[in-house]
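Peer 1: The structure follows.
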Amino acid sequence: MKGIVSNLIGGLGNQLFQFACGQALAWRSGLPLSLALDQFEAYRLHQGYELARVFTVQVPTAPPEQLQALLGFARHPLARRLLARLAPGRRLGGRAWFEPADGRFLPGVLQNPGPAYLHGYWQSERYFADAQAPLRALLQFRQAPSPLNAQWLARISACTAVSLHLRRGDYVSNPKNQRIYAVCTPEYYRAAMDRLLGAHPQANFFVFSDEPAWAREVLAGRREPLHFIEHNRHADSWNDLRLMSHCQHHVIANSSFSWWGAWLGQRAGQVVVAPQRWFVDPDRGADIVPASWERL
């Protein structure tokens, strides 16, 4: 069974990276894409598998025999996770690509000529730079906005709207994540806002956060218009992604969620400000921010 298989895991932002990398490779090679979803069976974080629930994409699940043909004995989820730790940055058997531990870009993935299995987060636009227009066309939200979200969309469209994402949550509460992710400081957010105001003095900031009380504390005393969007929680949190994507400009956190909010909403003259430091390890994630975005 020939085709491209992309392994999906993580929250919605990570699922979008994994899907985009796999779909671009499938288009490039003329092969069908399928998704390995079996690792979600033991995954208890975020909202589980969301890609097909949120977007109108229709991608089949990779059957066991396809994983067997590509990976042999390593087709089982535990074996694949083990290989990702033992062989990061390697292409095994000419068919399986495992992302480097530091997340650096692997050019060989772009030239892969035939069936392949992709295991990683693939957090770089470079994996799908040649497929931006068809990906944006494909990634349409499945559900119409609720009345409340429709009201917010109308407010966003009526002004110079800037999405402002303050991400903290498990970056500080989870010991494992504390060792992986940097936390954007209040100084970063204030400097990024000032950068946007310098170019767009009439900017209105639409604030999204997994810790709304902390976001209000960070932004206390600011004089520009601030609009706090706090109602899309838990299984409905994906609605914030749609609201972000309708904003004209973006201040993102070191978060794949707001990364995609900015990327899906690309438009002429757009300004996107991203943090200089994404991970605790300064050598990790060098390719995560597109060259056209600004880093502070």
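The values are calculated or read from the model by the stated rules, or taken from the named source; none is laboratory data. Here the structure is a predicted model, which is why all the values come from computation and not from measurement. Every residue, glycine among them, receives a Cβ derived from its backbone with ideal geometry; neighbour counts consider all protein chains shown. The protein model used for the area step is the full one, side chains on, heavy atoms only, and it has no ligands, DNA or RNA in it. Shrake-Rupley method; radii C 1.70, N 1.55, O 1.52, S 1.80 Å.
Peer 1: Do we find a residue being at positive phi and either touching a residue at least 12 places away in the same chain (Cβ under 8 Å) or among the aliphatic types (A, V, I, L, M) (or both) anywhere in the stretch 235-250?
Peer 2: For the stretch 235-250, residues at positive phi and either touching a residue at least 12 places away in the same chain (Cβ under 8 Å) or among the aliphatic types (A, V, I, L, M) (or both): absent.
Peer 1: I've got another one for you. Could you tell me whether residue 211 is farther than 27 Å from residue 292 by Cβ, in contact with a Lys or Arg (Cβ under 8 Å, 6 or more places away or on another chain) and surrounded by fewer than 21 Cβ atoms within 10 Å (Cβ to Cβ)?
Peer 2: yes
Peer 1: Moving on. With the requirement that a residue be farther than 30 Å from residue 237 by Cα, open to solvent by less than 70 Å² (accessible area, probe 1.4 Å) and aliphatic (A, V, I, L, M), what does the stretch 63-85 give you?
Peer 2: Result: 67, 69, 70, 71, 74, 79, 83.
Peer 1: I'd like the full set of residues that are over 22 Å from residue 237 (Cα atoms) and of a type in the set (S, T, N, Q), limited to the stretch 254-289.
Peer 2: Matches in the stretch 254-289: 270, 276.
Peer 1: Here's another thing I want to ask about it. Please work out which residue is nearest to residue 138 (Cα to Cα), limiting yourself to the stretch 8-32 and to residues that are open to solvent by less than 10 Å² (accessible area, probe 1.4 Å) and over 15 Å from the mean Cα position of the chain (by Cα).
Peer 2: That would be 24.
Peer 1: I would also like to ask the following. List, please: which pairs have Cβ atoms under 6 Å, are six or more places apart or on different chains, and start with a residue in the stretch 23-39 that is without any contact (Cβ under 8 Å) to a residue 60 or more places away in the chain and end with one that is open to solvent by 40 Å² or more (accessible area, probe 1.4 Å)?
Peer 2: Hits for this filter: 34/60; 35/61; 37/49; 37/61.
Peer 1: Name every residue in the stretch 41-62 that is open to solvent by less than 30 Å² (accessible area, probe 1.4 Å) and touching a residue at least 60 places away in the same chain (Cβ under 8 Å), in order of residue number.
Peer 2: Within the stretch 41-62, 50, 54, 55, 57 meet the criteria.
Peer 1: Which residues, taken from the stretch 181-208, are surrounded by 13 or more Cβ atoms within 10 Å (Cβ to Cβ) and β-branched (Val, Ile, Thr)?
Peer 2: Within the stretch 181-208, 183, 207 meet the criteria.
Peer 1: Can I ask one more? Pull up the stretch 56-71, narrow it to residues that are aliphatic (A, V, I, L, M) and part of a loop (DSSP other than H, G, I, E, B), then point me to the one that is nearest to residue 5 (Cα to Cα).
Peer 2: Across the stretch 56-71, the extreme among qualifying residues is 62.
Peer 1: From 238, 263, 259, grab the single residue that is under 21 Å from residue 140 (Cα atoms), touching a Leu at 6+ places or on another chain (Cβ under 7 Å) and among the hydrophobic types (A, V, I, L, M, F, W, C).
Peer 2: After ruling out the rest, the residue left standing is 238.
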